[in-house]
Amino acid sequence: MTQTDHTATVPTSVDELQKALQENLYVADRSLAISIYLALKLRRPLFLEGEAGVGKTEIAKVLAAALDTRLIRLQCYEGLDVNQAVYEWNYSRQLLEIRLLEASERFSEGEAEQELFSEKFLIKRPLLQAIESSDGKPPVLLIDELDRADEEFEGFLLELLSDFQITIPELGTFRAEEPPYVIITSNRTREIHDALKRRCLYYWIDYPDFQKEVQIVTNKAPDAPRKLAEQVTAFVQELRTAELYKVPGVAETLDWTAALVGLDQTELDPSVIDDTLGIMLKYREDVEAVRGEQTRALLNQATNRGARRGGRRG
């Protein structure tokens, strides 16, 4: 595939990219759209930070759909190493092959080693898959929640993100003909090293304002009545001002809306809020702190602010 073919689906302007994201039901501020566009244009990784549930991971999914290319996801966790992230050898298949070779006596020791350490016994993990794209079109590589991985893993990523190549001692060096589009996310449970950030474009994703979150809800939950979507959004935004162990993100707003639609609710009332708090709040202490009188107070505040917004629109 030619270079022109590789870049044929890449938007040619920020406006075009923002429209493509919208068509895939992602509401992006222009500043975020600019950062994504520059990451595509400059072929630089985009490092996204923000609280959990604000839509960082979703950007990679939507971008892959907008570019009509594969999404390759590496979910980070404590103890992640090269075997899980890059490659490992299929030892069970190699052992079986050794037994077959010994039985047949067809290969010398040198030929057997060469056969055993060939690509057919190589298990390619996400980073190697992204480097060696088989369809000629660069994929979107999502390195999700990097802050959960150990700092040593960051050091490995420095070389990968600089040269987009991986060396396997038994096989040689795999180089990307076309570097993948890289999205790295972090919930900032720890600081990521500056050396890695310097290789990336950076963007902080905050909780959306009321109007943007309502738009997200109506896009993602089109069956929700408009009044319910506005009430849910207003209540969640009030909930984020409360002193909680973990405030709900946009993902929880969408989950709650879907649940309320499933319960045939057309508007909020205190009893249904109390019954469904566990969809938004994931800690018992937070649920107990909000349930009851606090629910009613938050609902009143959300209703009053909604009325003021309606008055301004009028």
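The values are calculated or read from the model by the stated rules, or taken from the named source; none is laboratory data. Just so it is clear, the model here is predicted, and its values are computed rather than measured. Cβ placement follows ideal geometry from the backbone for every residue including glycine, while neighbour counts extend to all protein chains displayed. Just so you know, the surface numbers come from the protein's heavy atoms only, side chains and all, with ligands and any DNA or RNA stripped out. Shrake-Rupley method; radii C 1.70, N 1.55, O 1.52, S 1.80 Å.
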Dipole of the range 199-242, Cα-centred, from +1 at each Lys and Arg C-beta and -1 at each Asp and Glu C-beta, to the nearest 20 debye? 140
What are the ³J(HN,Hα) couplings of the range 293-305, residue after residue, when phi is run through the Karplus curve with 6.51, -1.76, 1.60 and θ = phi - 60°? Round to Hz, x for glycine and proline. 4, 5, 4, 5, 5, 5, 5, 5, 4, 5, 5, 5, 5
Radius of gyration and Dmax for the chain's Cα atoms, expressed in Å? 24.4, 87
Hey, which of these cross-link pairs are over 26 Å Cα-Cα: 61/197; 19/246; 41/137; 61/120; 19/61; 124/282? 19/246; 61/120; 124/282
Could you tell me the calculated FRET efficiency between residue 102 and residue 150, based on Cβ-Cβ distance and R0 = 41 angstrom, to the nearest 0.05? 0.55
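Which of rounded, prolate or oblate describes the range 216-314 when judged by the alpha-carbon gyration tensor and an a/c cut-off of 1.5?
Values: a/c = 1.63, a/b = 1.23, b/c = 1.33.
It comes out oblate by the Cα gyration axes.
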Rounded to the nearest 10 Å², what accessible area does residue 137 show when all protein chains are kept and the probe is 1.4 Å? 40
What ranking of 121, 174 comes out by heavy-atom accessible area, probe 1.4 Å, highest first? 174, 121
Counting alpha carbon pairs within less than 8 Å and at least 6 residues apart, what relative contact order, in whole percent, applies to the chain? 21
Quick one: which residues, 5 or more positions from residue 70 or on another chain, have an amide H under 5 Å from its amide H? H modelled 1.01 Å from N in the peptide plane, none for Pro or chain starts. 140
Pairs of Cα atoms under 8 Å, at least six residues apart: use those to get the relative contact order of the range 211-254, whole percent. 42
For the range 257-266, what does the Karplus curve 6.51 cos²θ - 1.76 cosθ + 1.60, with θ = phi - 60°, yield as ³J(HN,Hα) per residue in whole Hz, taken in order and with x for Gly and Pro? 4, 4, 5, 5, 5, x, 8, 6, 7, 10
When the chain is fully extended, how far beyond the present Cα-Cα distance does residue 38 get from residue 211, taking 0.36 nm per residue of separation? 59.7 nm
Cβ charges +1 (Lys, Arg) and -1 (Asp, Glu), total dipole of the range 187-314, debye: 720
With unit charges on the beta carbon (Lys/Arg positive, Asp/Glu negative), name the residue among 122, 63, 89 whose Cα is farthest towards the positive pole of the charge dipole of the range 30-150. 63
With the other protein chains left in place, how much accessible area per residue, in square angstrom, belongs to the range 169-314 at a 1.4 angstrom probe? 53
Report, to the nearest whole %, how much of the accessible area of the range 113-258 belongs to carbon and sulfur atoms, 1.4 Å probe, protein only. 46
Most to least packed among 251-263, 283-295 [average Cβ atoms within 10 Å]: 251-263, 283-295
Taking the Cα centre of the chain as origin, work out the dipole magnitude from +1 charges on Lys and Arg Cβ and -1 charges on Asp and Glu Cβ, in debye rounded to 20. 1500
Hey, how much of the P(r) for the range 100-251 falls beyond 25 Å, as a percent of Cα pairs? 57
Given H placed 1.01 Å from N in the peptide plane, which residues other than close sequence neighbours of residue 183 have an amide H under 5 Å from its amide H? 46, 141, 142, 143
Using per-residue counts of other Cβ atoms within 10 Å, averaged over each peptide, order 51-57, 222-228 from highest down. 51-57, 222-228
Given Cα pairs under 8 Å that are at least 6 residues apart, what percent is the relative contact order of the range 181-275? 28
